[in-house]
Amino acid sequence: MATVDDLKGKGNAAFTSGRFDEAIDFFTQAIDIDPKNHVLFSNRSAAQASCKRFKEALDDAKSTVELKPEWPKGYSRLGAAHVGLGDLEAAVESYKTGLKIDPDNAQMTDALKDVEKEQSKREGGVEGMGSLFNSPDVWAKIANNPQTSSYLAQPDFVQMLRNVQNDPKSVSNYLQDPRMMQVFGVLLGVNVMSGDQAASAFGDNKADGPSNEKSRSAQQPSSSDPPPAAEPDVPKPEEETVQLTEEELKAKKAKEKAQAEKEAGNACYKKKEFEKALEHYTKAMEHDADDISYMTNRAAVYFEMGRFEDCVKDCDEAVDNALRVRADYKMVSRAWTRKGNALRKMGKLEDAISAYKKALTEHRNADTLKKLNETEKELKEHKEEEYVDLAKCSEEREKGNQYFKESKFPEAVKCYTEALKRGPAKVNEEAYKLYSNRSACYTKLGAWPEAVKDAELCIEQNPKFAKGYSRKATAQFFMKEYDKAMETYKLGLEEAGEDNEELKSGLQRCIQKINMGNSGLLTEEEQKERQARAMQDPEIQGILSDPVMRQVLQDFQENPKAAQDHMKSPEVMAKIQKLVNAGIIQVR
């Protein structure tokens, strides 16, 4: 019958190899044998999170904390699960609790910073727009406007409005609702959409709102779980009162001698007296074979001396002994990390990556994670360099051009992609043409975001290449982002030459579409799609959530004299023009 250690080892190996379901199965079997082992619940929580099963990951993280409240890693697992469920407040609380126990934990410190940064982003953009609904006269404004007063008779709309008032962040859930767009216009004092448009879109769907809202609320994670109960401090026994046997006394003296040799070795290591350090660490190992720290320290000396094979050998021996002596997981992680460092120096990058991953399975350390990322990047660059072949790059480009002429755009994309691998930008001065050609293929396939990305790479490599701007603007035009397309055409004319007829023609098309939108000549579907895309733009969200701009928009509606003063500010007018070009407000 398999032991707990065997199952844990198999689970760790499966996790490191990316076989997360298999890892979960091994950890579950181990938990069935030892249900009080907090490390097993912690490992299974990590595996569940890797499978995006954050609810199960949270349950296991809670079990970890309940079994071992003083173990900081449990709170790291708890925080990660909360982040996966979108409950950032609970995640912050979990990380802070863990840092109270281990203030120097770099992983939790970085995770806490990332979560707090994400909180700030959420509170700054969409929430700022949602705060419009907290005005005391919001209900009166909606009721007094003939275009929106009928909404108050629709239960789903009333519920939607109350939801936004209770949680301004939830406004992002309703930006596709034309009634919400119309109410935005009323609260801002601008014309966003006619009442007839909103009524026709939602007049017959009143029953959908509450059920949808119910499903949304059901998806929100609960953060009301009670914190784990604190365990009372257990007084440590007085060593003097313990009667040691002769064998125990001998072992104690041996450990003291080993510790003294280790300290001497550390002093020599700091002085870079590596030969003497080796002698001390070796003697320490002879006195105490159950402490793997002496072995990992000797491995560090071998590394500094350039004896990388000896370093790997010591690290492997330390890991092998770790299970027998039940070594601390941080010490095991250190052995794997040092092995990875040596393998990396030996040029065995894939083996080094494997060692770093095993180290992170034992203990997630920021320095080890950084080394893993660097080594993976180094391996990727090494493989890319080996794959470069400009002759084959030219062959694939010609194939792609032929497929494009035959309207076989997926095949052309494949050829251009292979050409870029064979001749990347850092070794191929004409790689920008490949990005331009692939962008054209993506546009033909309707993959406009990919077309924009390739066009940007083209422009980055050659800012004077007019086709790059034309490719990017064309994709933006098809995405109904006429304001962005217009800016791209203008930039292209500035950088690539004012006489380019293709860019000039495209610019006129954009201006025409923007004017049609302001004149109400676009179809209802086009206008709705255009506005919905604009409302997802962080720049647009920032303008609408700016208190100063809200006052400006209100003055344009109610105070013409103040509006004239606002028009003297180039910054304000630029933002107004941005809203007009995006179709958020209309000028009649």
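Pairs of alpha-carbon atoms within less than 8 angstrom and 6+ residues apart define the contacts here; what relative contact order does the chain have, in percent?
After rounding, I find 9 percent.
Go through 161-167, 42-48 and give me the packing order, highest mean Cβ count within 10 Å leading.
So the peptides 161-167, 42-48, ranked by packing, come out 42-48, 161-167.
In nm, to one decimal, how far is the ASN515 label point from the ASP537 one, both placed 7 Å along Cα→Cβ?
Roughly 2.0 nm, to one decimal.
Go through CYS315, PHE41, ASN462 and say which Cα lies farthest out towards the positive end of the charge dipole of the chain; charges sit on Cβ, +1 for Lys and Arg, -1 for Asp and Glu.
Value: ASN462.
Output the peptides 518-531, 572-585 sorted from most to least packed, where packing is the average of other Cβ atoms within 10 Å over each peptide's residues.
572-585, 518-531
Subtracting the Cα-Cα distance from 0.36 nm times the residue separation, let me have the gained length for ARG19 to GLU286 in nm, one decimal.
Contour length minus Cα-Cα distance gives 92.2 nm.
Which links in LYS117/LYS490; LYS10/LYS62; LYS421/LYS490; LYS283/LYS370; LYS408/LYS480 stretch past 29 Å when you go from one Cα to the other?
LYS117/LYS490; LYS421/LYS490; LYS283/LYS370
Pairs of Cα atoms under 8 Å, at least six residues apart: use those to get the relative contact order of the stretch 524-588, whole percent.
39
Looking at [x] 38.5; [y] 28.4; [z] 27.0, which value of mean projected area of the Cα convex hull in nm² comes from a calculation on the structure shown?
[x]
Let me make sure I get this right: for the stretch 1-70, a, b and c are the square roots of the gyration tensor eigenvalues over alpha carbons, sorted descending. Under 1.5 in a/c it's rounded, otherwise prolate if a/b > b/c, else oblate. Which is it?
Taking the square roots of the gyration eigenvalues as a ≥ b ≥ c, the stretch 1-70 is oblate.
Helix 4-16 against the longest principal axis of the chain: what's the angle in degrees, Cα atoms only, rounded to the nearest 10?
Between helix and principal axis, roughly 40 degrees.
What 222 nm value per residue comes from the helices of the chain, counting each DSSP H run with n ≥ 4 as -39,500 (n - 2.57) and dividing by all residues, nearest 500 deg cm²/dmol?
-23500 deg cm²/dmol
In the stretch 323-397, with Lys and Arg counted as +1 and Asp and Glu as -1 at Cβ, which of these residues, THR375, SER354, TYR387, has the Cα nearest the positive end of the dipole, that is, farthest along it?
SER354
Apply 1/(1 + (r/R0)^6) to the Cβ-Cβ distance of ASP59 and ASP137, taking R0 = 41 Å, and write down the FRET efficiency to the nearest 0.05.
0.35
List residues of the stretch 331-354, by number, whose backbone nitrogen lies under 16 Å from a label position 7 Å along Cα→C-beta of ASP104.
Flagged as within label range: 331, 334.
Which order, highest average first, do 321-331, 21-31, 382-392 follow once you tally other Cβ atoms within 10 Å for each residue and take the mean per peptide?
Highest-to-lowest ranking by the protection proxy: 21-31, 321-331, 382-392.
If I model a spin label as a point 7 Å beyond the Cα along the Cα-Cβ vector, how far apart are those points for THR417 and GLN551 in nm?
5.3
Give me the percent of accessible area attributable to carbon and sulfur for the chain, probe 1.4 angstrom.
Here it works out to 49 percent.
Rounded to the nearest 20 Debye, what is the dipole magnitude of the chain about its Cα centre when Lys and Arg each give +1 and Asp and Glu each give -1 at the C-beta?
So the magnitude is around 1240 debye.
Suppose all protein chains stay in the model; what accessible area per residue would a 1.4 Å probe give for the chain, in Å²?
54
Efficiency by 1/(1 + (r/R0)^6): what FRET value for LYS52 and LYS272, r their Cβ-Cβ distance, R0 = 41 Å, to the nearest 0.05?
Approximately 0.30, to the nearest 0.05.
Once you place label points 7 Å from the Cα toward the Cβ at LYS117 and GLU248, how far apart are they in nm?
Inter-label distance under the simple model: 5.2 nm.
If R0 is 30 Å, what FRET efficiency do you get for LYS408 and GLU385 from their C-beta distance, rounded to 0.05?
The pair LYS408/GLU385 has a calculated efficiency of 0.45.
What does the convex hull of the Cα atoms of the stretch 259-406 come to per residue, in Å³, rounded to a whole number?
138
The values are calculated or read from the model by the stated rules, or taken from the named source; none is laboratory data. Computed from a predicted model, the values in this text were never measured in an experiment. So basically every Cβ, Gly included, is an ideal-geometry build from the backbone, and we count neighbours across all protein chains shown. Heads up: the accessible areas ignore ligands, DNA and RNA and are worked out on the full protein's heavy atoms, side chains in. Shrake-Rupley method; radii C 1.70, N 1.55, O 1.52, S 1.80 Å.
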